[in-house]
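*Asks:* Next up is a structure, given as structure tokens.
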Amino acid sequence: MARVFIISNRVAVPKAGLQPGGLEVALKATLKKHTCVWLGWSGELSDLPRTQTFTAGRNSYVVTDLGAEDFEEYYNGFANRVLWPIFHYRLDLAEFSRRDLSGYLRVNNQFAEELTKRLRPDDVVWVHDYHLIPLAKALRERGVRNRIGFFLHIPLPPPEILAAMPNHDTLIPALGDYDLVGFQTDGDAANFARYLARELGTPAHMSMRLGDGERAMRIGTFPVGIETAEFHRMAGRSVRTQLVQQVLKSIPGALMIGVDRLDYSKGIPARLEAYERFLSAHPELHDKITYLQITPKSRSQIKEYSEMAESVNALAGRINGTYSSVTWAPVRYVNRPYSRTALAGLYRAAKVGLVTPMRDGMNLVAKEFVAAQDEEDPGVLILSRFAGAASEFGSALLVNPYDPDAVGGAIARAMMMPLDERRRRHADLYAALLRNDIADWGDKFLVALGAGSDKPRAIDALQDFVPPAGIA
Ligand code: GDG
């Protein structure tokens with residue numbers, strides 16, 4: 001088959017001894033099965049941006065540096081100060097500037113140049129995430145006619161929110177230049193369909209014929225999963241390691257765990273407040289539970305992130321100041337990353353997993369927590385109804401993260417849940433994981449895009465959309 005070009009902001013160039021990152025795990029099966037070229041930013045800044053190519057087996061990795069201005073405008077600016085908050089329903093946090101938008105378009109054009117030089121007519125292109133929305137448009141402008149797919153890892157908000165984004169009317173319709181646009185959930189896909197109906201007047205069901213007979217953009221849902229069986233095995237081994245056993249020995253009662261990048265979408269302050277309500281309502285459970293929150297820093301150059309770091313520190317300090325005794329501290333807040341293996345063991349050692357984002361595309365921590373459990377004596381997952389994972393995980397304790405009393409109540413319920421109910425819920429959740437293992441994810445997307453066949457294949461819940469003439 002033709003080559004698969006993967007384009008994402010960061011590229012996981014394989015280097016000995018490094019733990020694979022999220023996208024690399026998701027794309028592992030694709031990288032193994034196809035000849036892939038993975039292209040994106042090197043993670044380096046330089047005045048004279050270089051492009052370097054690495055090879056590993058039959059795959060190659062093409063990484064380009066960014067200039068300091070590109071990094072500020074494209075990455076910190078438009079991607080993370082405009083698209084990230086708005087797509088997570090936080091219009092109040094968006095800081096739009098025309099300069100950042102033009103930096104964003106410039107970097108997309110730069111990636112399009114690099115790609116155009118390398119593409120052969122039968123290659124397929126798979127673009128990842130919000131950093132690269134206009135990439136297909138930039139490629140089409142350069143005459144590229146290959147099949148191009150796009151997958152959005154984060155949520156897509158309703159049109160009422162999207163339409164408040166300056167320049168949405170050129171940026172969002174630019175998705176019409178892809179052949180396939182994939183989302184994490186049906187809700188996100190429906191929001192996109194509603195946006196197109198509202199802003200462009202396409203019929204809401206969108207099963208139209210191709211306008212010019214050449215190309216149609218289709219919409220599909222491809223929820224990201226994890227490598228379930230492998231993660232389960234890793235957790236079983238890791239729970240016996242010294243690190244995990246030491247953690248368990250150092251706390252008087254059960255372990256409750258949260259693992260999130262330090263990001264406002266993850267709802268860490270609201271979660272701490274909910275825990276505070278729980279502690280206040282359940283003095284009988286004090287020193288029966290210790291909440292370990294592992295939170296590696298992210299995007300610290302953006303003001304909202306550094307402010308949040310301070311408020312989370314203060315909240316954790318307040319809870320410990322109020323409730324600690326000489327033998328017990330209710331919160332252990334850790335601001336550094338741990339290895340994937342250590343995380344797997346800690347999930348397994350925990351009686352409760354607390355995953356309460358205010359909004360999340362999917363949330364893989366919820367899936368990892370479930371995969372890690374011992375099926376004979378499983379822990380309980382408390383999950384925000386606003387995480388994409390909630391659409392597959394109806395058997396978790398689903399909560400509204402904006403309601404601290406409800407989340408606090410769910411912690412109490414999880415702590416007291418009888419073994420047979422824990423087993424029943426866990427069996428349902430584990431079955432949902434197996435139904436949607438990451439090993440098949442890449443293929444589902446590529447097959448729908450039509451890689452390796454003359455025509456894109458029909459899949460369930462796939463809709464056609466034809467960009468009306470005149471969309472810029
Ligand atoms: C985006 C979307 C969507 C966390 N701390 C450590 C660590 N992690 C790992 C977790 C998990 C991953 O990072 C986080 O994934 P999430 O899915 O929770 O969130 P985002 O990073 O925001 O990812 C999200 C995802 O894309 C995939 O499509 O699910 O909705 O926002 O795997 O385990 N890993 C290690 N040390 C840590 O301290 N090694």
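The values are calculated or read from the model by the stated rules, or taken from the named source; none is laboratory data. Every value quoted in this text rests on a predicted model; they were computed, and no experiment measured them. Note that each Cβ is placed from the backbone with ideal geometry, even for glycine, and that neighbours are counted across all protein chains shown. Keep in mind that these areas ignore ligands, DNA and RNA; they rest on the heavy atoms of the full protein, side chains included. Shrake-Rupley method; radii C 1.70, N 1.55, O 1.52, S 1.80 Å.
*Asks:* Within the bounds of the stretch 239-253, is there any residue that is touching a residue at least 24 places away in the same chain (Cβ under 8 Å), within 16 Å of the ligand (Cβ to nearest atom), open to solvent by 30 Å² or more (accessible area, probe 1.4 Å) and more than 30 Å from Ala174 (Cα to Cα)?
*Replies:* Taking every residue of the stretch 239-253 in turn, at least one turns out to be touching a residue at least 24 places away in the same chain (Cβ under 8 Å), within 16 Å of the ligand (Cβ to nearest atom), open to solvent by 30 Å² or more (accessible area, probe 1.4 Å) and more than 30 Å from Ala174 (Cα to Cα).
*Asks:* In addition: Here's a check for you: in the stretch 254-278, which residue that is over 17 Å from Ala410 (Cβ atoms) and hydrophobic (A, V, I, L, M, F, W, C) is surrounded by the fewest Cβ atoms within 10 Å (Cβ to Cβ)?
*Replies:* Leu262
*Asks:* Would you check if there is a residue in the stretch 22-37 being in a strand (DSSP E or B), touching a residue at least 40 places away in the same chain (Cβ under 8 Å), surrounded by 14 or more Cβ atoms within 10 Å (Cβ to Cβ) and not basic (Lys, Arg)?
*Replies:* Yes, there is a match, as at least one residue in the stretch 22-37 is in a strand (DSSP E or B), touching a residue at least 40 places away in the same chain (Cβ under 8 Å), surrounded by 14 or more Cβ atoms within 10 Å (Cβ to Cβ) and not basic (Lys, Arg).
*Asks:* In the stretch 383-400, which residue that is closer than 17 Å to Ala274 by Cα and more than 18 Å from the chain's Cα centre (by Cα) is most open to solvent (accessible area, probe 1.4 Å)?
*Replies:* Leu398
*Asks:* Counting only residues that are within 21 Å of Val239 (Cβ to Cβ) and either touching a strand residue (DSSP E or B) at 6+ places or on another chain (Cβ under 7 Å) or in a loop (DSSP other than H, G, I, E, B) (or both), which one in the stretch 328-346 is least open to solvent (accessible area, probe 1.4 Å)? Talk me through it step by step, then tell me what you get.
*Replies:* At the first step, the residues of the stretch 328-346 found to be within 21 Å of Val239 (Cβ to Cβ) are 332, 334, 336-346.
Going one step further and asking which of them are either touching a strand residue (DSSP E or B) at 6+ places or on another chain (Cβ under 7 Å) or in a loop (DSSP other than H, G, I, E, B) (or both), we end up with 332, 334, 336-339, 343, 346.
Values: Arg332: 89, Val334: 27, Arg336: 126, Pro337: 84, Tyr338: 76, Ser339: 46, Leu343: 28, Leu346: 6 Å².
Only one residue tops the list, namely Leu346.
*Asks:* I've got another one for you. Go through the stretch 347-370 and report how many residues are open to solvent by less than 20 Å² (accessible area, probe 1.4 Å) and more than 10 Å from the ligand (Cβ to nearest atom).
*Replies:* Here the count works out to 6.
*Asks:* Can you say whether Ile294 is more than 12 Å from the ligand (Cβ to nearest atom), touching a residue at least 40 places away in the same chain (Cβ under 8 Å) and on the phi < 0 side of the Ramachandran plot, as far as the supplied structure shows?
*Replies:* Here the answer is no, as Ile294 does not meet what is asked.
*Asks:* Same structure again: I'd like the full set of residues that are open to solvent by 50 Å² or more (accessible area, probe 1.4 Å) and polar (S, T, N, Q), limited to the stretch 312-322. Steps first, answer last, please.
*Replies:* The initial filter retains those residues of the stretch 312-322 that are open to solvent by 50 Å² or more (accessible area, probe 1.4 Å), namely 313-314, 318, 321-322.
Listed by number, the residues that qualify are Asn313, Thr322.
*Asks:* Next question. Test Ser325 against the criterion of being touching a residue at least 24 places away in the same chain (Cβ under 8 Å), away from the ligand (no atom under 16 Å from the Cβ) and either of a type in the set (Gly, Ala, Ser) or open to solvent by 20 Å² or more (accessible area, probe 1.4 Å) (or both), and give yes or no.
*Replies:* Yes; evaluated as a whole, the condition is true for this residue.
*Asks:* Tell me, please, whether a residue that is open to solvent by less than 40 Å² (accessible area, probe 1.4 Å), over 19 Å from Trp126 (Cα atoms), in contact with a strand residue (DSSP E or B) (Cβ under 7 Å, 6 or more places away or on another chain) and part of a helix (DSSP H, G or I) can be found in the stretch 48-71.
*Replies:* yes
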